[in-house]
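The values are calculated or read from the model by the stated rules, or taken from the named source; none is laboratory data. Remember, it's a predicted structure, so these values are computed and weren't measured experimentally. Cβ sites come from the backbone with ideal geometry, for glycine too, and all protein chains shown count toward neighbours. In case anyone asks, the SASA skips ligands and DNA or RNA and just uses the protein heavy atoms, side chains included. Shrake-Rupley method; radii C 1.70, N 1.55, O 1.52, S 1.80 Å.
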Amino acid sequence: MIEIIFSIQNQIDIIKPANIKSIEKFILLNFLNSSQSNTEKIVDLLRKENTNYEIIDVKEQFADIVIKTGKAVMKEKEKEFIVNLINIPSLIATSVITSFILLNKNAELVFQTETIMVEDIMPVDLTDEHLKILSIIGNGTFSITKIVEKSNLSLATAWRRVMDLKKEGLVVSRYADYKLTKKGKMLFSIFSNG
């Protein structure tokens, strides 16, 4: 697991020595216009804990953050990522999230109140048939036979659309029934008339 951290005020307070051991490597985005004492404190802590880290100098500009974060992620493409976004300014958070979305790379995003996965905010391309099936499954757990019955689609078409929804992470199957994932429930709620 690789954790992306930031050289801004209060970030040092979020890095807990007990959690450092579970992280294989830290990537420190060092903002050139921020106080270097923040960077020094973080580096001192990482050295003290004898952990692997990399410092990447960035300007506090959207494109620079997206590009340099993206390049760092690409170098570690087989690794899992966690991004601690607690108390991080919105431009920085948006830039880092955009890097993962552009690369179609999943990461665990930690905010003050909850943790979400990048895969849950990836865009999806849905047809009217997909939306029809999503709304059917949104009202319960259904077998493919029930979905065909309620949607008036052919078995082959319904099956392909359900497999598309499954591939997009919108539905999961349990035995022969399908139900919505968290991402699927959010889309269902957006498109529902209630």
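Brief remarks on what is shown
- Phi to ³J(HN,Hα) by Karplus 6.51 cos²θ - 1.76 cosθ + 1.60 over segment 61-69, Hz, x for Gly, Pro: 9, 3, 4, 5, 5, 4, 5, 6, 5
- Using a cut-off of 21 Å between Cα atoms, the listed pairs Lys132/Lys182; Lys25/Lys75; Lys48/Lys68 include Lys48/Lys68 as exceeding that distance.
- Over all orientations, segment 111-168 has a Cα convex hull whose mean projected area works out to 4.8 square nanometres.
- Segment 26-134 shape via C-alpha gyration tensor axes, a/c threshold 1.5: prolate
- Positive minus negative residues near Lys25 (Lys, Arg vs Asp, Glu; Cβ under 13 Å): -4
- Distant-in-sequence amide contacts of Tyr53, defined by a placed amide H-H separation under 5 Å and a gap of 5 or more residues or a different chain, comprise Phe26.
- Paired Rg and Dmax values of the chain, which use every Cα atom, in angstrom: 21.0, 65
- Prolate/oblate/rounded label for segment 74-173 (Cα gyration tensor, a/c 1.5): prolate
- Rough spin-label spacing in nm, given labels placed 7 Å along Cα→Cβ, for Lys182 and Phe62: 2.7
- Distances between placed amide hydrogens fall under 5 Å for Ile5 paired with Ile27, Leu28, Leu29, all partners being 5 or more residues away or on another chain.
- Accessible-area composition of the chain, carbon plus sulfur, in percent [1.4 Å probe]: 51
- Each Lys and Arg adds +1 at its Cβ and each Asp and Glu adds -1 at its Cβ; summed about the Cα centre, the chain shows a dipole of about 520 debye.
- Under 5 Å, built H, 5+ apart or other chain: amide partners of Asp177: none
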